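Engineer: Got a structure here, written out as structure tokens. Questions coming.
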Amino acid sequence: MISIVVISISNPILIGIYKDTKLIDTIAQTGKTSDILPTITKELLEQYDLQEIYYVKGPGSYMAIKIAYIFLKTLSITKNIPFFGCDGFEFNNNTPIKALGKKYFYKTSNGIEVKLLNPNDTIEEFKLPHTLDKTIFSDETLPNYYLPAVE
């Protein structure tokens, strides 16, 4: 079974190709999701028989989340490929995720909060796991839009 995982909430955009939950290839490309995702997906569809699509539904870049969701949901519907989503904190070891300006998204016991980066906090880059844990995903794929107030 061939699956892809798309992390488009930051740059570079990461796409992992998994065969039977094992990572077999990684694509990392810097740029706009609207430019990158269609091109890469076209190539993947020509090369593989995609059977599942997984994506990070937020928090992060509002526009990237929106574009990824619309594009991948459309692909899911037109190609009849199951589509799943999860929280971005699953791929950066639960460290803060860039929001807007100097603000970051933090995962807390109360949910997701937006605040200034604490100087003592570390930020880890997003990473694709070597083995795909499907239990962290759900069929709830609507984006998690967290728009911090502009100050």
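Bear in mind these aren't lab numbers, they're just calculated from the coordinates by the rules spelled out. Since this is a predicted model, take the numbers as computed values, not measurements. Cβ atoms come from the backbone with ideal geometry, glycine included; neighbour counts cover every protein chain shown.
Engineer: So what are the three principal axis dimensions of the stretch 51-127 from its Cα atoms, in whole Å, longest to shortest?
Structural biologist: Largest first, the stretch 51-127 extends 46, 23, 21 Å along its Cα principal axes.
Engineer: Count the net charge of all other residues whose Cβ sits under 12 Å from the Cβ of residue 128, scoring Lys and Arg as +1 and Asp and Glu as -1.
Structural biologist: Around residue 128, the charge tally is -2.
Engineer: Shape of the stretch 1-47 from its Cα gyration tensor (a ≥ b ≥ c, root eigenvalues): rounded if a/c is under 1.5, otherwise prolate when a/b > b/c, or oblate?
Structural biologist: Oblate shape, in that a/c is at least 1.5 and b/c is the bigger or equal ratio.
Engineer: Kirkwood Rh over alpha-carbon pairs of the stretch 61-103, then Stokes-Einstein at 37 °C and 0.692 mPa s: what D in µm² s⁻¹, rounded to an integer?
Structural biologist: 268 µm²/s
Engineer: Related question: Nearest 20 debye, what's the magnitude of the dipole of the stretch 1-56 about its Cα centre given +1 on Lys and Arg Cβ and -1 on Asp and Glu Cβ?
Structural biologist: So the dipole magnitude of the stretch 1-56 works out to roughly 160 debye.
Engineer: Net charge within 15 Å of residue 97 by Cβ-Cβ distance, Lys/Arg positive one each and Asp/Glu negative one each, not counting residue 97 itself? Present the calculation step by step, with values, prior to reporting the outcome.
Structural biologist: On the way: positive: 57, 98, 102, 103, 107, 115, 127; negative: 87, 90, 113, 121, 124, 125.
Cβ neighbours under 15 Å give a net charge of +1.
Engineer: For the chain, what does the relative contact order come out to in percent, with C-alpha contacts under 8 Å and a separation of six or more?
Structural biologist: For the chain, the relative contact order is 24 percent.
Engineer: Let me ask you something else. What does the charge add up to near residue 75, with Lys and Arg as +1, Asp and Glu as -1, over the other residues with Cβ less than 13 Å from its Cβ? Walk me through the numbers before you get to the answer.
Structural biologist: Values: positive: 42, 73, 79; negative: 52.
Once all neighbours under 13 Å are counted, the net charge is +2.
Engineer: Hey, what's the per residue convex hull volume over the C-alpha atoms of the chain, in cubic angstrom?
Structural biologist: Hull volume over Cα atoms, normalised by residue count, gives 112 Å³.
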